[in-house]
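Before any comments, here is the structure.
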């Protein structure tokens, strides 16, 4: 096992363990004082134009737009015959969505009562942060770095920034607790890291990003 593969896999495991720690805090109620304090801070910081921006993220990260985005990107990989990237993309997005749904059902946490938008599902973890932010945002950045290795850091920076803004927007709208988005980012990023580790394991070189043509089959 090469060093890049080990880094991806160990990072994925570390993120997953951090997610478990946050989940324990949520289930036991240990994190609720922090969540309450953050919710109050977001309410005090409410201004109309930021609410409008956050609602824009709400739409972009919603199921219709996120699903359409995931399909378009998957089709693009398939048309380009980047099959390793295609199946990695499917694993990242589908894995994050399935895990988000399962954890929501298991934890069944209530959302804040003064939310500025409506959602009917359970609160923990945040699907917007986990699927749209981490899986689609960071996941796409990682896979784009495979195609254009020299720009991998730029892509990753953009992906992480998008994921963090998506997470922040959920707490600003008070539709999620702070630990909801934290758990979502951690678990979604763990999925990305583990899939990236498997992708790197299947590549022929030592670098985690294969060259632009090496994933053609």
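For this structure, a couple of remarks:
- Any hit, the stretch 145-165, residues being assigned to a helix (DSSP H, G or I) and either within 20 Å of residue 21 (Cβ to Cβ) or touching a strand residue (DSSP E or B) at 6+ places or on another chain (Cβ under 8 Å) (or both): yes
- Residue match in the stretch 146-169 (condition: touching a residue at least 60 places away in the same chain (Cβ under 8 Å), closer than 23 Å to residue 8 by Cα and surrounded by 18 or more Cβ atoms within 10 Å (Cβ to Cβ)): yes
- Qualifying residue in the stretch 16-30 (condition: out of contact with any strand residue (DSSP E or B) (no Cβ under 8 Å at 6 or more places or on another chain) and not in a helix (DSSP H, G or I)): yes
- Tallying residues that are buried (at least 17 other Cβ atoms within 10 Å of the Cβ) and more than 30 Å from residue 202 (Cα to Cα) within the stretch 1-37 yields 6.
- Residue check for residue 168: in contact with a helix residue (DSSP H, G or I) (Cβ under 9 Å, 6 or more places away or on another chain) and not in a helix (DSSP H, G or I): no
- Residue within the stretch 118-138 that is modelled with pLDDT of 95 or more, over 16 Å from the mean Cα position of the chain (by Cα) and either buried (at least 16 other Cβ atoms within 10 Å of the Cβ) or more than 23 Å from residue 20 (Cα to Cα) (or both) present: yes
- Here residue 175 clears all of (1) part of a helix (DSSP H, G or I); (2) touching a residue at least 60 places away in the same chain (Cβ under 8 Å); (3) buried (at least 18 other Cβ atoms within 10 Å of the Cβ) except the condition numbered (1).
- Against the conditions (1) more than 16 Å from the chain's Cα centre (by Cα); (2) over 20 Å from residue 186 (Cβ atoms); (3) touching a residue at least 12 places away in the same chain (Cβ under 8 Å), residue 60 satisfies every one except (1).
The values are calculated or read from the model by the stated rules, or taken from the named source; none is laboratory data. All values reported here derive from a predicted model rather than from experimental measurement. No Cβ is skipped: glycine too gets one built from the backbone with ideal geometry, and neighbour counts run over all protein chains shown.
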